[in-house]
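Contents: one structure, followed by commentary.
The values are calculated or read from the model by the stated rules, or taken from the named source; none is laboratory data. Because the structure is a prediction, the values reported are computed rather than measured. Here Cβ is always computed from backbone atoms with ideal geometry, including for glycine, and neighbour counts include all displayed protein chains. Just so you know, the surface numbers come from the protein's heavy atoms only, side chains and all, with ligands and any DNA or RNA stripped out. Shrake-Rupley method; radii C 1.70, N 1.55, O 1.52, S 1.80 Å.
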Amino acid sequence: MPQKLHCARCGRITLHPAVVIGAQPFGRVCARKAGLIEPKHRGRASEACRDTRTLDLFGGAA
């Protein structure tokens, strides 16, 4: 039976460690918190545009 890898920072079982330093595996969340890997850079959502053909729900905007 293969040895289970445990995260060196938190001790949880890691199936696919993000970083291995020496013999110590780090999970992706712990590696990100420790500054070992860069966080994902997500694209910015597009700006909402007002639809002039639709009436307002409460009619407050004129």
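Rounded to the nearest percent, how much of the accessible area of region 23-62 (1.4 Å probe, protein heavy atoms only) is carbon and sulfur? Intermediate results must be reported in sequence, preceding the final value.
Working: 2150 of 4030 Å².
Ligands and nucleic acids excluded, carbon and sulfur give 53 percent.
Once the whole set of protein chains is in place, how much accessible area is left on I13, using a 1.4 Å probe, in Å² to the nearest 10?
90
How big is the Kirkwood radius of the chain, worked out from every pair of different alpha carbons and given in Å to one decimal? The partial results should precede the final answer.
On the way: mean 1/r = 0.0639 Å⁻¹.
After inverting the pairwise mean of 1/r, the radius is 15.7 Å.
So what does L5 come to for accessible area, using a 1.4 Å probe and Å² rounded to 10?
Accessible surface of L5 is approximately 80 Å².
Only Cα pairs under 8 Å and at least 6 apart count here; give the relative contact order of the chain as a rounded whole percent. Numbers along the way, then the final one.
Values: 48 pairs, mean separation 11.6, N = 62.
That works out to 19 percent.
Would you look at the GNM of the chain, springs on alpha carbons closer than 10 Å, and say which of A48, A34, A23 moves the most?
Top of the fluctuation ranking is A48.
If the only charges are +1 at each Lys and Arg Cβ and -1 at each Asp and Glu Cβ, what is the size of the charge dipole of the chain around the Cα centre, to the nearest 20 debye? Walk me through the numbers on the way to the answer.
Working: 11 positive and 4 negative charges, 71 e Å.
Roughly 340 debye for the chain.
Summing Lys, Arg as +1 and Asp, Glu as -1, what charge do residues with Cβ under 15 Å from the Cβ of L15 carry, L15 excluded? Could you put the intermediate results ahead of the total?
Numbers: positive: K4, R12, R28; negative: none.
Cβ neighbours under 15 Å give a net charge of +3.
Students sometimes get this wrong: rank V19, V29 by accessible area, probe 1.4 Å, all chains present, largest first. Provide the component values of the computation, followed by the final result.
Numbers: V19 25, V29 70 Å².
Per-residue accessible area, sorted high to low, gives V29, V19.
Are there trypsin sites (Lys or Arg not before Pro) in region 3-53 that DSSP marks as loop and that have at most 15 other Cβ atoms within 10 Å, and which are they? Let's see the in-between values first.
Working: sites: K4, R9, R12, R28, R32, K33, K40, R42, R44, R50, R53; in loops: K4, R9, R12, K40, R42, R44, R50, R53.
In loop regions of region 3-53 (DSSP not H, G, I, E or B), the sparsely surrounded trypsin sites (Lys or Arg not before Pro) are K4, R12, K40, R42, R44, R50, R53.
How much accessible area per residue does the chain have, in Å², with a 1.4 Å probe? Walk me through the numbers on the way to the answer.
Numbers: 6060 Å² over 62 residues.
Accessible area per residue, the chain: 98 Å².
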